[in-house]
Amino acid sequence: MAKTTSKKSAPRKSKTSAKPKAKTSKKPVKKRGVLARVWRWIWRGVLGFFALCILLVVLFRFVNPPNGIYILEERHRLGAIKQEWTALDDFSRHMPLSVVAAEDANFCLHSGFDLDAIKDAWEDGGNRGGSTITQQVAKNVFLWHDRTWLRKGLEAGFTILIEIIWPKKRIVEVYLNVAEFDAGVFGASAAAKHYFGASPKNISALQAARLAAILPNPQQRSASRPTQSTRNKTRRVMSGARTIAADGRDKCF
């Protein structure tokens, strides 16, 4: 009998054994990629802004700053302003003493913020300011004058940077050159000529106290035509200037 050989048939592949590959959507990945890029750009913008702020504060320690936003607004509104940049050593000694006595008697003792003055201003219902000279420099040089939380926050940041990077003498010098003393009159040098025809070096104790007494509302007060209230404040400023000179609170400037 002939041998019969049977060929083993290859096993059939089950139709159900091979699982179809699941289709994966790439949209969530794309969205995450876009969000990551957005966040990177936001952080880069924030870091770039802080770097620019630090750079400007460092620069203005050595270079006199250009006119700030408020001064430019007043120039546009009035057509012209009076301002003569003067070094601190070219002012009469009475001028820095008077503005510190009037605006920030503890200027040499704090690091940008006078907490006691802020507390007193808060308890007084905001009827008087608690800003230090450094805070006013931060506002006048780098920012605008609107009372918003954004501006206050930026002011605090610039105040810290200024106190870290600038010496106290530089802070007083810049303040004396950017403070407003009448409509369109900026800086104590221009103010001394505007009100008294005096040069910065020859400002007397009374004239310096009068100029300081019209702060911080110079458009409502006059140093050459003082009201009784301004005269009273002038006496207080002169007394305060003598006090801080006697107890050493003027040593930093």
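Throughout, read-outs are computed from the coordinates displayed, never taken from laboratory work. In this text the structure is predicted, and so the values were computed from the model without any measurement. Neighbour counts run over all protein chains shown; Cβ positions are idealised from the backbone, glycine included.
Quick notes on this one:
- Other residues with beta-carbon under 10 Å from the beta-carbon of Asp182 carry, at +1 per Lys or Arg and -1 per Asp or Glu, a net charge of +1.
- Sorting 205-213, 112-120, 244-252 by their mean Cβ neighbour count within 10 Å, with the most densely packed peptide first, gives 205-213, 112-120, 244-252.
- Each residue, Arg236 and Cys252, gets one label point 7 Å from its Cα in the Cβ direction; the gap between the two is 2.2 nm.
- Rg/Rh for segment 114-249, where both radii come from Cα atoms and Rh is the Kirkwood radius: 0.96
- For the residue pairs Lys119/Lys169; Lys139/Lys233; Lys139/Lys201; Lys82/Lys233; Lys152/Lys193; Lys169/Lys201, the C-alpha atoms sit more than 22 angstrom apart in Lys119/Lys169; Lys139/Lys233; Lys139/Lys201; Lys82/Lys233; Lys152/Lys193.
- Where labels lie 7 Å past Cα in the beta-carbon direction, separation of Arg32 and Leu150 in nm: 3.4 nm
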